[in-house]
Amino acid sequence: MDFDLSEELEALQTSVRRLAQDKVKPRARAIDKDGTYPQDVFEAFRDAGLLGLCLPTEYGGSGAGILGLAIAIEEVAKYSNSAALMLLLTRLPTGPVMIAGTEAQKARYLPGIADGSLRAAFGLSEPQAGSDVMGMRTKGVPEGGAGSGWVLNGTKCWMSGVREADWYTVFAKTSGDPASRSHDSITAFIVEREWDGVEVGRTDHKMGVKGVDTGELLLNEVHVPAENVIGEVGGFRLAMLGLNAMRPIVAARGIGLAEGALMYATEYVQQRAAFGKTIADFQGIQWEIAKCAVDIEAARLLTYRSAVMADRGQYTKEFVPYLSMAKYHATELAVRASSLAVQLLGAAGYMEDHPTEQWYRDAKQLTIVEGTSQVQLGLIARGVLDRDLWWD
Ligand SMILES: Cc1cc2nc3c(=O)[nH]c(=O)nc-3n(C[C@H](O)[C@H](O)[C@H](O)COP(=O)(O)OP(=O)(O)OC[C@H]3O[C@@H](n4cnc5c(N)ncnc54)[C@H](O)[C@@H]3O)c2cc1C
């Protein structure tokens, strides 16, 4: 067991920390206020080679893996969860392609993500099917005989980065029975934005993470060639494997946000005078800071361990509790830490003069996306009940 980062990862952490301070921090409030996609930040990430962090070197990436991406996201999320989400989107839609895609799919769709010439998004959720993925209604119907393509119809919703994406990883029911709850009834496809019948629908008005849009993808008689099926037809397990491997990356958005919030609030209470002292001199305040610091370090350990596991390919069922634990703990921490930061600043923390109110709004997204906290708790409990997580 070694708790130190490798030299390469430490260098990555240092360089992204600097980039986040120089390019993300000064833009964070404006990104939130304008609610427009920060192309300049995307280009800064591209120029620093961060868009290919978790992509293999043979497809133009740097092979830093999920741990490398998590470390970068942690740094960026100290200031802006919109910017952190931009980095996350280099992995969420590409994950299924990396796990089960063909060589041709990887060669066509991955290098553009690494060099910033292509963007992608991930379409699993539907208006009536979020946690209950099997309730999806998007339908894929074979066009002709075996080996011919598919026709997709349906609506995906709440899709992050839907407007900027050039291609989408989309899941559809392919068993013929839209009511089927059988796991082999769902298949993953790569769908290109420019194809006939692919349209971006309404985009959402959100309470936070406003720099990256979230919205609908409308699929109307979209013809998808057979070679754009990811993995096997009926390979729903792929969606779960992809999401399992994502847990440390979402967790990193939470720990970064919590670190940013606690550091900011600590600096504030050290200079804010009250009752002839500073606020930081009160033991009650110190204990809150201490509890949050413990929480952050615990979440970092869970997150880094789960990232190492995911990089080893340990994202199948028996590892789920460890991965889900990181996501659950780190994202709930983000909510607690940002709430504490607002509280420690008092009225100032509630006002737009300080970033605390933004962190508070941004944090809440994290306990909902990619499996809510309740869904993670269910997965952790299942792991204990099945003895995947046992201490004997
Ligand atoms: C900002 C944002 C960005 C998003 N980006 C994407 C994206 O890029 N791609 C994508 O596919 N989706 C995306 N989503 C959707 C997200 O994945 C879903 O919101 C999430 O899976 C929860 O689904 P739901 O909103 O339908 O909630 P529901 O499933 O309706 O759940 C509502 C409540 O019930 C609880 N609940 C549900 N089932 C259970 C259960 N079995 N046990 C206990 N409690 C339960 C939930 O925890 C939650 O508290 C995004 C969402 C947001 C808010």
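To keep it simple, each residue is scored yes or no on (1) within 15 Å of the ligand (Cβ to nearest atom); (2) acidic (Asp, Glu); (3) at pLDDT below 95; (4) in contact with a Cys (Cβ under 9 Å, 6 or more places away or on another chain).
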position	(1), (2), (3), (4)
338	no, no, no, no
342	no, no, no, no
353	no, yes, no, no
367	yes, no, no, no
370	yes, yes, no, no
373	yes, no, no, no
378	yes, no, no, no
389	no, no, no, no
Report summary line: Residue hits (the range 157-197; away from the ligand (no atom under 16 Å from the Cβ) and among the β-branched types (Val, Ile, Thr)) are 174
Report summary line: Only unsatisfied item for residue 89, checking (1) within 27 Å of residue 357 (Cα to Cα); (2) touching a helix residue (DSSP H, G or I) at 6+ places or on another chain (Cβ under 7 Å), is (2)
Report summary line: Quick count over the range 113-139, residues being within 16 Å of the ligand (Cβ to nearest atom) and over 14 Å from residue 198 (Cβ atoms), is 17
Report summary line: Restricted to the range 86-123 and to residues being in contact with a Ser or Thr (Cβ under 7 Å, 6 or more places away or on another chain) and in a loop (DSSP other than H, G, I, E, B), the residue surrounded by the most Cβ atoms within 10 Å (Cβ to Cβ) is 93
Query raised in the report: Given the residues 326, 337, which is the only one that is in contact with a Pro (Cβ under 8 Å, 6 or more places away or on another chain) and closer than 30 Å to residue 64 by Cα?
Result: 326
Requested in this report: May I ask you to list the residues in the range 5-30 that are of a type in the set (S, T, N, Q) and surrounded by 13 or more Cβ atoms within 10 Å (Cβ to Cβ)?
Outcome: 13, 15, 21
**Report entry** Sole exception among (1) in contact with a helix residue (DSSP H, G or I) (Cβ under 9 Å, 6 or more places away or on another chain); (2) over 25 Å from residue 83 (Cα atoms) for residue 132, by number
**Finding:** (1)
Query raised in the report: In the set 318, 332, which member is acidic (Asp, Glu) and within 16 Å of the ligand (Cβ to nearest atom)?
Result: 332
**Report entry** Cross-chain or 6+ apart pairs with Cβ under 8 Å, the range 100-114 first and without any contact (Cβ under 8 Å) to a residue 60 or more places away in the chain and over 11 Å from residue 228 (Cα atoms), then of a type in the set (S, T, N, Q) and crowded, with 18+ Cβ neighbours inside 10 Å
**Finding:** 110/94
Requested in this report: Examine the range 60-68 for a residue that is over 26 Å from residue 34 (Cα atoms), in a loop (DSSP other than H, G, I, E, B) and within 12 Å of the ligand (Cβ to nearest atom), and state whether such a residue exists.
Outcome: no
Query raised in the report: In the range 349-378, what count of residues is obtained for those that are open to solvent by 30 Å² or more (accessible area, probe 1.4 Å), assigned to a helix (DSSP H, G or I) and over 23 Å from residue 297 (Cα atoms)?
Result: 3
Query raised in the report: Hey, among 222, 200, 212, 233, which residue is in contact with a strand residue (DSSP E or B) (Cβ under 9 Å, 6 or more places away or on another chain), modelled with pLDDT of 95 or more and not in a strand (DSSP E or B)?
Result: 212
Query - Filter result (of a type in the set (A, V, I, L, M, F, W, C) and part of a loop (DSSP other than H, G, I, E, B)) within the range 124-159 - result: 124, 136, 146
Requested in this report: Would you check which residues across the range 180-197 are in a strand (DSSP E or B) and of a type in the set (S, T, N, Q) and list them?
Outcome: 187
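The values are calculated or read from the model by the stated rules, or taken from the named source; none is laboratory data. Note that the coordinates shown come from a computational prediction; the quantities given were computed from them, not determined experimentally. FYI the Cβ positions are ideal-geometry reconstructions off the backbone, even for glycines, and counts take in every protein chain you see. SASA here: full protein model, heavy atoms, side chains in, ligands and nucleic acids out. Shrake-Rupley method; radii C 1.70, N 1.55, O 1.52, S 1.80 Å.
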